[in-house]
Ligand SMILES: NC(=O)c1ccc[n+]([C@@H]2O[C@H](COP(=O)([O-])OP(=O)(O)OC[C@H]3O[C@@H](n4cnc5c(N)ncnc54)[C@H](OP(=O)(O)O)[C@@H]3O)[C@@H](O)[C@H]2O)c1
């Protein structure tokens, strides 16, 4: 049995892929109603909250591997690691980002702390330090549909964005056969590094209408997120990350996805084509 700790973008897709392969898979969710489709696909859906140790302990029972993916609240993920140690879990695939203890972005510092706790736990583990998700563009999609444009403080910075469906596929693959991946850190990306102006050009081609990229300052970027309901602290953190993109912080591409999956990583064009309706 493989446990996936949440049913967000990565977790739900990983669960679906495993169920399709007839691998027993369990997913922890706060609201099972939202996961009804997963249950229909053959996923064991258990109600629980990562903030409740008893829920976590119940979820890890009888599990051989865990895909640890969540908003990465350190106390919650470290509790999953501790629970996994006590339950005798064999391997943890940790979904993380460009983590480092001295990053200016709190989320990356939190991820570094969780990675350290996992490494120190003695569990078999694999870190997936993913580049930025293509699916972040889905937050811009309603504005693109309305105005044929989008703004960002990424400047000319290029980003090796990865499709969360590929992150999920990599996590599922490793969870099924972890031996070759124990102790390894991968850096999943898509096949190319694109600036947001490049992304606008791809969207223009795929959507068949001109999509324009508007450069924003850090303050404008933060305000734009707050205006659509993102909490101030999260907006500041996201705007910080986008400003780092402008400095080339995420301009890297690896062949980890094709090496692990034996097929090409999805391109941004593929992502845009598959989400045409959201941008239209
Ligand atoms: N966005 C990026 O560009 C990027 C890049 C690299 C790495 N990452 C990493 O990816 C991870 C996020 O993965 P994702 O995009 O798949 O997540 P996501 O789509 O944002 O989904 C988060 C899920 O976590 C669930 N959840 C939140 N708190 C919970 C709790 N206390 N107990 C149980 N479930 C809980 C949510 O459920 P509800 O429906 O109940 O709220 C939701 O299903 C983070 O660790 C992030 O650092 C992100």
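The values are calculated or read from the model by the stated rules, or taken from the named source; none is laboratory data. Please read all numbers here as calculations on a predicted model, not as lab measurements. Methodologically, a virtual Cβ is constructed for each residue, glycine included, from the backbone with ideal geometry; neighbour enumeration extends over all protein chains shown.
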Selection from the stretch 205-222 of residues out of contact with any helix residue (DSSP H, G or I) (no Cβ under 7 Å at 6 or more places or on another chain) and more than 9 Å from residue 149 (Cβ to Cβ) yields 205, 208, 209, 215, 217, 219, 220
For the stretch 10-26, what are the residues that are farther than 11 Å from residue 69 by Cα and within 10 Å of the ligand (Cβ to nearest atom)? 13
Hits in the stretch 165-194 (condition: within 16 Å of the ligand (Cβ to nearest atom) and outside any helix (DSSP H, G or I)): 185, 186, 187, 188, 189, 190, 193, 194
Checking residue 128 against (1) in a loop (DSSP other than H, G, I, E, B); (2) in contact (Cβ under 8 Å) with a residue 12 or more places away in the chain; (3) buried (at least 19 other Cβ atoms within 10 Å of the Cβ), which test does it fail? (1)
What are the residues in the stretch 115-133 that are more than 14 Å from the ligand (Cβ to nearest atom) and touching a strand residue (DSSP E or B) at 6+ places or on another chain (Cβ under 6 Å), if any? 123, 124, 125, 126
So residue 7 clears everything in (1) assigned to a loop (DSSP other than H, G, I, E, B); (2) more than 13 Å from the ligand (Cβ to nearest atom); (3) in contact with a strand residue (DSSP E or B) (Cβ under 7 Å, 6 or more places away or on another chain) except one condition, right? Which one? (2)
Within 15 Å of the ligand (Cβ to nearest atom), closer than 30 Å to residue 43 by Cα, modelled with pLDDT under 95 and not in a loop (DSSP other than H, G, I, E, B) - does that describe any residue in the stretch 227-237? no
Unique match (being away from the ligand (no atom under 14 Å from the Cβ), assigned to a helix (DSSP H, G or I) and farther than 17 Å from residue 250 by Cβ) among 210, 204: 204
Residue in the stretch 38-79 that is nearest to the ligand (Cβ to nearest atom), counting only those that are within 18 Å of the chain's Cα centre (by Cα) and buried (at least 22 other Cβ atoms within 10 Å of the Cβ): 69
Filter the stretch 137-156 for residues that are at pLDDT 95 or above and within 21 Å of residue 10 (Cα to Cα); which is surrounded by the most Cβ atoms within 10 Å (Cβ to Cβ)? 137
Yes or no: the stretch 138-147 includes at least one residue that is outside the structural domain of residue 25 (by TED's automatic domain parsing), more than 12 Å from the chain's Cα centre (by Cα) and within 11 Å of the ligand (Cβ to nearest atom). yes
Odd one out for residue 265, checked against (1) assigned to a strand (DSSP E or B); (2) more than 22 Å from residue 156 (Cα to Cα): (1)
Here, strands (runs of 3 or more DSSP E) confined to the stretch 20-84 with at least 1 residues that are under 26 Å from residue 238 (Cβ atoms) and touching a residue at least 60 places away in the same chain (Cβ under 8 Å) are 65-68
